[in-house]
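**Q** Below is the structure I would like to discuss, written out as structure tokens.
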Amino acid sequence: MITRILKFVIVVPVAIILIVLSVANRHLVTLALNPFRPEDGMLALSLPLFVFLFLALMIGVLLGSAATWLAQGRHRKRARDEAHEARKWREEADRQRNQLTQATTQKLISASK
């Protein structure tokens, strides 16, 4: 319930800010992709400014996420290695427990004869 309230408290103000930003920046701007002839219409995009702003924001989020994911690779590898080692030790403990149980059972059987 608290997470839903927190999401609501965060999402509503961000949505309001994005809507205000979109309304305030809806005039057309031209992005020229040809640096030598900016007036060339073939390599230019004319879109509202907020579209370019949102695209830049999304690209920034994606690049930041990729950089964080790549930077944390060594931590994920260490976690995988430690999980593998823990699994190995757990299996060893189970094997030792089974051997102890079998040995105890054998002693009890031989003592009862």
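Every number in this text was worked out from the coordinates using simple rules, so none of it is lab data. Everything numeric in this text was worked out from a predicted model, so none of it was measured. For neighbour counting, all protein chains shown are included, and Cβ atoms are generated from backbone atoms with ideal geometry for every residue, glycine included.
**Q** List the GluC sites (Glu not before Pro) within the stretch 25-113 that fall in a DSSP loop (any state other than H, G, I, E or B) and whose Cβ has at most 13 other Cβ atoms within 10 Å.
**A** 39
**Q** With Rg/Rh (Cα atoms, Kirkwood Rh) as the read-out, I listed (i) 1.47; (ii) 1.03; (iii) 0.95; which label goes with the value calculated from this structure?
**A** Here Rg/Rh (Cα atoms, Kirkwood Rh) agrees with entry (i).
**Q** Between the stretch 29-77 and the stretch 83-99, how far is it from one alpha carbon centroid to the other, in angstrom?
**A** If we compute the Cα centre of each part, the gap is 50 Å.
**Q** Would you mind computing, in nm to one decimal, how far apart the modelled labels at residue 89 and residue 53 are, each placed 7 Å from Cα along Cα→Cβ?
**A** My value for the distance between the label points is 5.3 nm.
**Q** Continuing with this model, one more query. Using the Cα centre of the chain as origin and beta-carbon charges of +1 (Lys, Arg) and -1 (Asp, Glu), tell me which of 62, 11, 99 is placed farthest towards the positive end of the dipole.
**A** Farthest towards the positive end: 99.
**Q** With the contact rule set at Cα under 8 Å and sequence spacing of 6 or more, what percent relative contact order holds for the stretch 1-68?
**A** 24 percent
**Q** Run lengths n ≥ 4 of DSSP H only: what is the helix-derived mean residue ellipticity at 222 nm for the chain, with -39500 (n - 2.57) per run over all residues, to the nearest 500?
**A** So the helix-based figure for the chain works out to -27500 deg cm²/dmol.
**Q** Considering only the other residues whose Cβ falls under 14 Å of the Cβ of residue 90, what net charge follows from Lys and Arg at +1 and Asp and Glu at -1?
**A** Around residue 90, the charge tally is -1.
**Q** Another question, then. Can you put 36, 52 in order of Cβ neighbours within 10 angstrom, beginning with the fewest?
**A** Neighbour counts put them in this order, fewest first: 36, 52.
**Q** So, one more: Around residue 75, under 12 Å between beta carbons, what's the net of Lys plus Arg minus Asp minus Glu among the other residues?
**A** +3
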